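The values are calculated or read from the model by the stated rules, or taken from the named source; none is laboratory data. Since the model is a prediction, treat every value here as computed from it, not as a measurement. Cβ placement follows ideal geometry from the backbone for every residue including glycine, while neighbour counts extend to all protein chains displayed. The protein model used for the area step is the full one, side chains on, heavy atoms only, and it has no ligands, DNA or RNA in it. Shrake-Rupley method; radii C 1.70, N 1.55, O 1.52, S 1.80 Å.
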Amino acid sequence: FCFLHGFDAEEDLVGSLACMSTKERIKAIQKMPETMRKKREIRNKVLKEISKKSRHRGARPSCCTQCLQGAAVSFRRFGNDLSEYFHQLRVWHKTLKIIGAEFGTSVLSYFVFLKWLLNFNIFSFLINFGFITIPQFLAAEPNSLSFTGLELLTGAGYFQQTVLYYGFYTNATISKIENGPSYNMQLAYIFTVGIYFVICFLILLFSMAKFFSRNFVNPQAFSVNASRLLCTWDFNITNEKAVKLKQKNLHTQIKEDLTEVNKEVLNFSVMERLLRVAVHLTAWAASLGTAVAACAGVYFLSINNLELFMKGHRNDLESQAAMLVLPVVVSLLNTLIPFFFSWLGHLEKFQTPGQHIYVTITRNIILKMSIVGILCYYWLNIVAASESQCWETLIGQDIYRLVLVDFIFCLLGSFFGEFLRRIIGTTVCVSLGLPEFDIGRNVLDLIYAQTLTWIGILFSPLLPGIQMIAFFIVFFVKKVSLMRNCQPPCKVWRTAQMMTSFILLLFCPSFLGVLSVIGVTVWRLKPSEECGPFRGLSSMFAAVAEWIQILEGYTASKWVVWIYHNLITSELFFFVLSSFVLIVTYLYWQIIQGRKTMTKLLRKQITN
């Protein structure tokens, strides 16, 4: 009887679907809580039913209609196959699911941030390569230097006369056809870099807003706790591996929610509080003192490094190898001191893992951004004022070496910091156990690398491509190291706001600091006389001023001249714009505060 009842229900379903239009039928089948195999069976039965009805009515479609229908079906199948193929190309999609299930959202946030930066650098590389590098290939002269292989580490030698560096780019207007369209390399270079940073600003702003609305204003956080148990399972999952992965993921999420619910509020005596404050102050004094000492060492080393820069123009392999001293020392400091900061965090014994991570990130950001600030001062005030023929290329080479050596030390940090630590914890000193993944240290490594890439874009346009390859390798090295060497966090906790915090740190101080460096370089510093697209000008921005003077003679371009004089070069416009942005930000902040108050009242009503 039950079998006949189910058969009748399926027949009714097929009949109702056959009466629908094609678009409505596809949507209805997609929304069914059935497996893909079952959905295909139902779709085939519906198609058979439709063909029966058409034969019964004696209405056979014409040959042209049949061809069009066949082409539409073939095109739809091709689109589905193509989407599945591209879905399989997203090699990190399954990896992120496994990491989230095994190690929780705190570790997962690092890999999501790394993937976000990887996509960001792909976009950066395509813009620079398309608008700056490809046109330069048309006007490039043959390279007269020989390739020795050491250039891969030093970035000097053969690479000096390639599109990798600013000094190789021409200041001429490129035109392959006489009296044909031309390409102004000066304007292309400065507009590409300028528009790129505007796009970066908007992407970072919208990303922060998106993650803020998703994580800080999280509607799921106000839902009933039992809903995760009762309503979260996806019954379309039938694959055994996928089922186990979903179970692990759900298990980790429930543990994180229970940790938030069962937070322990520790009550300390007055003496214990004073002791904790003393420990925190001592740790901060030690970390700030270490950062100051590291910055002083980098400053004095960079001063002495200028002589090696000047020798680098002679094709001397020993002087080129000596150029690696500064990046190696900087990378050593950036690798070893964060381990010291992590050790200080363990001594302080924070109540929650989140406090430990955020304090460690703050100390690391102070260290790394201070070192970058010292290097920028060295580049803009000492290297730019030197007697070098092309100081922009020297800065590009220095940043190339810093990026490459930092990448090598990042890989070595995974080996020594996690692999050897696992060997020691499992064989020599079993009480140590397996290490945990240090989120704060690894995240700041990414922010530091991205900051160097942004600074170097003006001096080495292809640097985002190098960083893109580095991030791709780091993703899989860190993934393998995590799976084989690390254990899940001992204290499971939910990190809804962590991704927002990462992008906020990337925006300020990293991105805003880079904008100030680029602004000083473009508006204040005089370009080299013998190299680069801006040779012979008083500043890089003077290329735009000369272009505007040319446009003043054309009536059709008066609106561009008006925008330049009344908006771009007007302090009043930027004052009004900044005031408007601050007012809008304040209004939105007040709206958010009002919504938070309303949310609390509604939660009280739900509880009642």
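Things to note:
- Taking the stretch 552-583 as the range and being over 25 Å from L525 (Cβ atoms), aliphatic (A, V, I, L, M) and open to solvent by less than 90 Å² (accessible area, probe 1.4 Å) as the test, the residues that pass are A556, V560, V561, I563, V576, L577, V581.
- Condition met for F472 (open to solvent by 20 Å² or more (accessible area, probe 1.4 Å) and assigned by the TED database to the domain that holds T162): yes
- Close pairs from the stretch 30-47: first more than 15 Å from G15 (Cβ to Cβ) and in contact (Cβ under 8 Å) with a residue 60 or more places away in the chain, partner open to solvent by 90 Å² or more (accessible area, probe 1.4 Å) and of a type in the set (S, T, Y), Cβ under 8 Å, at least 6 apart: T35/T238
- Residues of the stretch 520-551 satisfying the condition of being charged (D, E, K, R), open to solvent by 80 Å² or more (accessible area, probe 1.4 Å) and assigned to a loop (DSSP other than H, G, I, E, B): R524, K526, E529, E530
- Filter result for I455 (open to solvent by 40 Å² or more (accessible area, probe 1.4 Å), within 25 Å of C200 (Cα to Cα), under 25 Å from the mean Cα position of the chain (by Cα) and in the same structural domain as Q160 (by the TED database)): no
- For R595, the criteria (1) of a type in the set (D, E, K, R); (2) farther than 30 Å from G167 by Cβ; (3) open to solvent by less than 80 Å² (accessible area, probe 1.4 Å) hold in every case but one, which is (3).
- Some residue of the stretch 565-584 being closer than 30 Å to T170 by Cβ, free of Cβ contacts under 8 Å to residues at least 24 places away in the same chain and over 33 Å from the mean Cα position of the chain (by Cα): yes
- Applying the criterion of being open to solvent by less than 40 Å² (accessible area, probe 1.4 Å) and of a type outside the set (V, I, T) to the residues of the stretch 492-504, the residue that is modelled with the highest pLDDT is F502.
- Of residues in the stretch 125-181 being in a helix (DSSP H, G or I), touching a strand residue (DSSP E or B) at 6+ places or on another chain (Cβ under 9 Å) and at pLDDT below 85, the one surrounded by the fewest Cβ atoms within 10 Å (Cβ to Cβ): L138
- Boolean, V517 is of a type outside the set (D, E, K, R), part of a helix (DSSP H, G or I) and surrounded by 13 or more Cβ atoms within 10 Å (Cβ to Cβ): yes
- Pairs meeting the criteria (first residue in the stretch 287-300 and polar (S, T, N, Q), second residue in a helix (DSSP H, G or I), beta carbons under 7 Å, at least 6 apart or on different chains) are S287/F341; S287/L344; S287/R363; T290/I337; T290/F340.
- T362 vs. criteria modelled with pLDDT of 85 or more and more than 25 Å from S287 (Cα to Cα): no
- Test result for V560, hydrophobic (A, V, I, L, M, F, W, C), assigned to a helix (DSSP H, G or I) and either within 30 Å of Q450 (Cα to Cα) or touching a residue at least 60 places away in the same chain (Cβ under 8 Å) (or both): no
- Restricting the search to helices (runs of 4 or more DSSP H) fully inside the stretch 340-424 and requiring at least 3 residues that are in the same structural domain as Q160 (by the TED database) and surrounded by 23 or more Cβ atoms within 10 Å (Cβ to Cβ) gives 353-378, 391-414.
- Test: residue in the stretch 476-483 that is open to solvent by 70 Å² or more (accessible area, probe 1.4 Å) and of a type outside the set (A, V, I, L, M): no
So that you can scan it fast, the table gives a plain yes or no per residue for (1) more than 30 Å from T453 (Cβ to Cβ); (2) out of contact with any Phe, Trp or Tyr (no Cβ under 9 Å at 6 or more places or on another chain):
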| residue | (1), (2) |
| --- | --- |
| L537 | no, yes |
| L567 | no, no |
| F573 | yes, yes |
| Q593 | yes, yes |
| L602 | yes, no |
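- Filter result for N184 (surrounded by 17 or more Cβ atoms within 10 Å (Cβ to Cβ), more than 30 Å from F507 (Cβ to Cβ) and out of contact with any His (no Cβ under 6 Å at 6 or more places or on another chain)): yes
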